[in-house]
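The values are calculated or read from the model by the stated rules, or taken from the named source; none is laboratory data. Computed from a prediction, not measured in an experiment: that's the story for all the values here. So basically every Cβ, Gly included, is an ideal-geometry build from the backbone, and we count neighbours across all protein chains shown. The accessibility values were calculated without ligands, DNA or RNA, using every heavy atom of the protein model including side chains. Shrake-Rupley method; radii C 1.70, N 1.55, O 1.52, S 1.80 Å.
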Amino acid sequence: MEKRIAIIGGGIVGATAAYYLSTLPGSEQTKVTLFDDGIGQATTAAAGIISPWLSKRRNKRWYRLAKAGADLFPELMHNARLGTDVYQQTGTIVTREIPTDLETLYALAQERRQDAATMGTVSTLTAAEVQAKVPLLSKPQPGVFITGGARVDGAALVAGLLQQATAKNLTVRHERVSLDPQGQVITSLGARQFDRVIIAAGAWLKELVAPLGITAAVRPQKGQLIELAVKDYPLNENMPVVMPEGERDFVPFGHGKLIVGATHEDDGQFNLAVDPAVTADLLGSAQRLMADVTAESISGVRVGTRAYTPDFAPFFGPIPDQEQILVASGLGSSGLTTGPQIGRLLAGSALYGGTPDWSEYELPLTTYLTSSTE
């Protein structure tokens with residue numbers, strides 16, 4: 001019997017879930033419809049760094065989830081036949097000015113590497129060695145180099161995953177939808193009933209689940225980054241990503257394009273307007289490490305809306321007592337790292353049912369979802 005599944009939200013979680021719902025055993029008997037109006041999506045505005053291993057977050061569940069996401073990426077890229085323009089393990093450099101801080105960071109990397117094969121090799125670099133790997137830096141800092149770190153283009157990743165799924169069992173509809181109190185999806189053509197609904201709409205989750213009598217502890221945060229067209233930029237697509245101490249992240253994509261950012265603007269919420277003051281701040285960060293960058297170097301500005309929870313941790317899974325509806329939100333700035341793993345898990349749950357135990361990755365959903373009947 002054919003199963004019908006809806007996905008609301010076409011960012012990293014929704015796109016990955018759609019991909020796995022087109023490839024998992026049993027997907028041949030499944031029809032998937034993805035709804036997304038394309039406004040404000042964090043993933044398509046993002047140029048991400050896949051390198052969670054040196055994070056100092058104390059949340060062990062988050063780290064396990066992020067590590068699993070980083071481990072999943074090479075397999076996902078291979079199976080989905082996506083190229084280096086989408087994802088590439090160029091390596092990441094995390095810098096520290098104070099020698100003792102650098103030693104502490106290196107020791108943490110060596111410890112984490114024991115159970116994280118995807119990290120690759122770990123080494124310390126002098127400022128001169130950092131500059132040799134990233135020649136566009138005129139004021140480099142010493143750092144720790146992790147060969148398994150990667151950069152990913154969010155928009156290209158989502159497009160590639162959805163293209164693969166559309167060739168099988170996915171239909172994409174570019175519209176904004178809502179839910180009624182019974183969990184039906186309200187579209188421009190009226191109400192539609194699905195066997196399962198995955199809500200992967202980021203900060204918009206709160207308004208989507210409200211008709212179900214559920215309050216979601218999710219808030220929006222604005223993020224901006226800039227694209228720089230750098231003169232005399234080496235055409236080297238293998239240039240590592242740099243996470244400079246005290247500055248914005250640098251994500252080189254080759255062919256003269258460098259991404260700098262992103263910001264974390266709690267006051268911005270759903271505002272997608274480019275803020276000139278923020279653009280100037282991002283440019284200033286670039287200029288402190290690159291002597292020749294000017295305002296004329298800015299070739300574009302990207303703006304998106306992230307979702308955060310009070311404890312900065314993501315949540316995902318079937319809604320308690322309404323298990324035909326699955327949700328995911330609160331990924332924050334690590335969405336490109338954790339999102340694929342979350343999307344894979346949700347796809348399996350939506351397809352096969354059951355009550356999954358994901359406690360190794362998250363707190364109970366009741367931590368973030370409150371029913372008005374309680």
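Sequence-distant contacts, meaning Cα pairs under 8 Å at least 6 residues apart, place the relative contact order of the chain at 25 percent. Per residue, segment 54-178 exposes 48 Å² of accessible surface when a 1.4 Å probe is rolled over the protein heavy atoms with every protein chain present. As I understand it, the value is the acute angle between the Cα axis of helix 276-287 and the longest principal axis of the Cα atoms of the chain; what does it come to in degrees, rounded to 10? Tilt of helix 276-287: around 40 degrees. Relative to the longest principal axis of the Cα atoms of the chain, helix 335-352 runs at roughly 20 degrees. Pairs of Lys residues in the chain are counted when their Cα atoms are under 17 angstrom apart and they lie 8 or more places apart or on different chains; the count is 8. In the context of the full set of protein chains, residues of segment 241-374 present 41 Å² of accessible surface per residue (probe radius 1.4 Å, heavy atoms only).
Net charge around Gly268, counting only other residues with Cβ within less than 9 Å of its Cβ (Lys, Arg = +1; Asp, Glu = -1)? So the surrounding residues net to -3.
Compute, for segment 60-117, the length of the dipole vector about the Cα centre, with Cβ point charges of +1 (Lys, Arg) and -1 (Asp, Glu) only. Units Debye, rounded to 20.
Charge dipole of segment 60-117: 280 debye, to the nearest 20.
On a C-alpha basis, how far is the centre of segment 27-102 from the centre of segment 181-253 in Å? Whole number, if you could? Each part reduced to its Cα centre gives a spacing of 12 Å. Taking Cα atoms only, the orientation of helix 99-113 departs from the longest principal axis of the chain by about 40 degrees.
Could you work out the helix-only [θ] at 222 nm for the chain, with each DSSP H run of four or more residues adding -39,500 (n - 2.57) and the total divided by the number of residues, to the nearest 500 deg cm²/dmol?
-8500 deg cm²/dmol
Only protein atoms count toward the accessible area here, which uses a 1.4 Å probe; on the chain, the carbon and sulfur part of that area reaches 51 percent.
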